Structures are given as structure tokens and as C-alpha cells.
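Student: I am attaching a structure below and will ask some questions about it afterwards.
The values are calculated or read from the model by the stated rules, or taken from the named source; none is laboratory data. From a predicted model like this one, the values you see are computed outputs, not experimental measurements. All Cβ positions, even for glycine, are placed from backbone atoms using ideal geometry, and neighbour counts span all protein chains on display. Just so you know, the surface numbers come from the protein's heavy atoms only, side chains and all, with ligands and any DNA or RNA stripped out. Shrake-Rupley method; radii C 1.70, N 1.55, O 1.52, S 1.80 Å.
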Amino acid sequence: MKKLTKTLFDSVVEEMKNSLDSKGNHLDMVGLIVSQGETVYSYYFREREKIDVRSIAKPITCLAFGVAIKEGLYFGNTQITLDTKIGPLLRKYVTINTSQNIEAWNVLTIRDCFKITLGHDKGIMFSKDVATQKEDKLIDYIVNYPITAKPGFDFVYSNAGTFVLSTLVTEYLNISLAEFVDKYIFTPLGISDYTWKNYGKYCAGCTGLKMHCEDLHKIAKLFADDGKYEGRQLVSEEWINNMRLPLVYGPTHRYKKGRAFPKFNYGMNMWICGDVEELGIYSYDGNYYCDGTDGQYIIIIPKNNIVIAATGYQSDTEPVSRILGNFK
């Protein structure tokens, strides 16, 4: 097991400071926190600030659902599980216009929203996509976007599933997803200094969550500690295991061989690391993580018991992940 030392941490910080991205610019990072058991090191490359963690909002939402489902979550008269069909719930507040999509949404489940197997031919609900739609009509856009692949099977990375879950929380519980996550995750973890943007009347859910690096590290530690926080089982170990279990067949469309943390497979809102070896044999290395668009990371390296949280404004993330690979 690689030992986390101050020397190792400082060398990573120095490499981050001195490295250039593909455009020849110095890396624009904000915070880095790395821990191994009780050993914790942190560094801020600029003034401490809340950063939009982008897609890391997805696994945070998933964690909250894990607690709520364990406690007996209901939407109306329907008790929610990972296998709950979404279509019947959507009919309360949105119209699906085609028989093909009606049939598809009647098959799609809560689990499919987390593992992003909605059957779309491309990822939707990203910033450029959202900019072309009226915010109060985004749920209509999602449910009526053509589902062309077999629902529940084909993985295409997207923001749509988490936003759908956000609308369900608001429509059935009369609270925002931000309040939902605050109740089940943030308050128990002592996280209070954050903001979460809305799309119309719904919390974005899939993005737009601004928080400090040290709070992001608490989220990462929750995974590494199998759902425990300060001795309390906050999220069930079963749910954590479901999130880090490879659920997509073979390498994902975002897989790049040889990366420090290759996006080989996907669990429930978590990337599962691995590579394709000779003769087409798949090999998982045990590491798993989630990242945001601009260099935000939570990374868990189980064999070394190392937990990483990073925040930044760095659009070219290859050098960031490469440098963080020094902790492997």
C-alpha cells in the first residue's frame, strides 16, 4: 500500500503548479484535499471559494435517494425502489407525446436514471443543450426527446436522468431536490455553505451545485468508508456497493486507454476504472470516481485507502487526472 506522506502530497501540488495544459496555460485549480485514514493534507492554489462541482452533483443526489429509499420513500401512493417505473409517475405533471416514448418511459426505472441507460442517441441536458430550451419546459423536452435504443441497456452519458428525479421530488414531496439532499446528506455531514441552481421551478440536480473542497472531501470519504460518517451508518453499505458496481457492459464511449483514471465502466453515477488488456480481456483496478467539467474530482483508491477531492476551473482535465494518478 502506498503511504500518503507530506513529501508525496507536496510533490503533487508542485507538479500541479508547474504543469501546462494542451493550450500551454498553467493549470487553473482551486483546492486539493487528500486523505489516508486519519492523515489529511490540503492545499489551496488560490483563495478558498465554493466551486460548481458540475456532474459530481449526480452521485450526491444518488446518495440522498439511497437514504430516503432505505427509510421508505413514497411518491404519492408508490413506494420507491430502484426498480420503480418512471412513466406512471411522470403522467401526473408532464405529457409524453409519442407512443414510442410512452412505452419506453413505462419501462425505464429509477436505476436507469442513475446508471444513465435512458435509450437516447446522445447526451442531453448539458449547458449548450439547456441554452436552446425554455427552463420551465426542460422536463417536456427530456421526456419527448426520441428514445431510439432499448430502454435500460444502452449507456450514453447525460444529465437528463438526474433532472427527471429532481422533478419527481418536487412534484411528489413539495420540496426542492436541494432540500431533499440537505435533509439526507448535507445536514448529517455538517455541510451548510452551498448553493444549487434551479432550472425553472426545479433544482438542476445534475449540475449547478457550488460547494467547498473540504465538503466535497466529506462526500468522497462517505464512499471510502462504506457509507459511514463519524461512526454512524449514514448511507447503507449496500447502496454504496450498488453505486460502485460496474453496470455497463464493456468500455464506455468515454473510455480512453492509458488514462490515470480511465472511464472504463459506469455504476450508479460513478465511473469505474479499468482497462482493456491483450486479447480483449477486461481488467478493473478497483478505483472509482466522479468528475466535473472543469477539474473537479472525487476519487477513491481503495488499495491505498486514499481519498481525493479536487476543485478547479481547468477545462483540459487530462493533466489533472494524470498528476492525481501519482496517488495510485
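Student: Can you spot a residue in the range 222-231 that is under 16 Å from the mean Cα position of the chain (by Cα) and among the aliphatic types (A, V, I, L, M)? Spell out how you get there, then give the answer.
Tutor: Looking only at the range 222-231, we keep the residues that are under 16 Å from the mean Cα position of the chain (by Cα), and these are 222-224, 227.
Pick out the ones that are also among the aliphatic types (A, V, I, L, M) and you get 222, 224.
Yes, that holds for at least one residue.
Student: Filter the range 184-212 down to the residues that are in a strand (DSSP E or B) and either over 22 Å from Y297 (Cα atoms) or in contact with a Ser or Thr (Cβ under 9 Å, 6 or more places away or on another chain) (or both) and list them by number. Break it down stepwise before answering.
Tutor: Step one: of the range 184-212, the residues in a strand (DSSP E or B) are 195-196, 198-199, 202-203, 209-211.
Hits for the range 184-212 are W196, N198, Y199, Y202, C203, L209, K210, M211.
Student: Give me the pairs, please: first residue somewhere in the range 250-263 and closer than 10 Å to G274 by Cβ, second residue anywhere and of a type in the set (S, T, Y) and assigned to a loop (DSSP other than H, G, I, E, B), beta-carbon distance under 7 Å, and either six or more positions apart or on two chains.
Tutor: Filtered contacts from the range 250-263: P262/Y255; K263/T252; K263/Y255.
Student: Also, quick follow-up: What number of residues within the range 162-197 are of a type in the set (S, T, N, Q) and touching a residue at least 60 places away in the same chain (Cβ under 8 Å)? Break it down stepwise before answering.
Tutor: Taking the range 162-197 and keeping what is of a type in the set (S, T, N, Q), we get 162, 166-167, 170, 174, 176, 187, 192, 195.
Keeping just the survivors that are touching a residue at least 60 places away in the same chain (Cβ under 8 Å) gives 162, 166-167, 195.
So the answer is 4.
Student: Residues in the range 1-21: is at least one under 20 Å from V307 (Cα atoms), touching a residue at least 40 places away in the same chain (Cβ under 8 Å) and within 19 Å of the chain's Cα centre (by Cα)?
Tutor: The answer is no, given that none of the residues of the range 1-21 is under 20 Å from V307 (Cα atoms), touching a residue at least 40 places away in the same chain (Cβ under 8 Å) and within 19 Å of the chain's Cα centre (by Cα).
Student: Check whether at least one residue in the range 276-298 is in contact with a Cys (Cβ under 8 Å, 6 or more places away or on another chain) and over 16 Å from L247 (Cα atoms), and report yes or no. Quick ask: steps written out before the conclusion?
Tutor: Initial filter on the range 276-298 (in contact with a Cys (Cβ under 8 Å, 6 or more places away or on another chain)): 284-289, 297-298.
Filter once more, keeping what is over 16 Å from L247 (Cα atoms): 297-298.
Yes, the range 276-298 has at least one match.
Student: For the range 241-323, list the strands (runs of 3 or more DSSP E) that sit wholly inside it and hold at least 2 residues that are open to solvent by less than 60 Å² (accessible area, probe 1.4 Å) and of a type in the set (V, I, T); which are they? So that I can check it myself, show each step before the final result.
Tutor: Numbers: elements: 271-276, 282-291, 297-301, 306-312.
Once the strands (runs of 3 or more DSSP E) in the range 241-323 are filtered for at least 2 residues that are open to solvent by less than 60 Å² (accessible area, probe 1.4 Å) and of a type in the set (V, I, T), what remains is 271-276, 297-301, 306-312.
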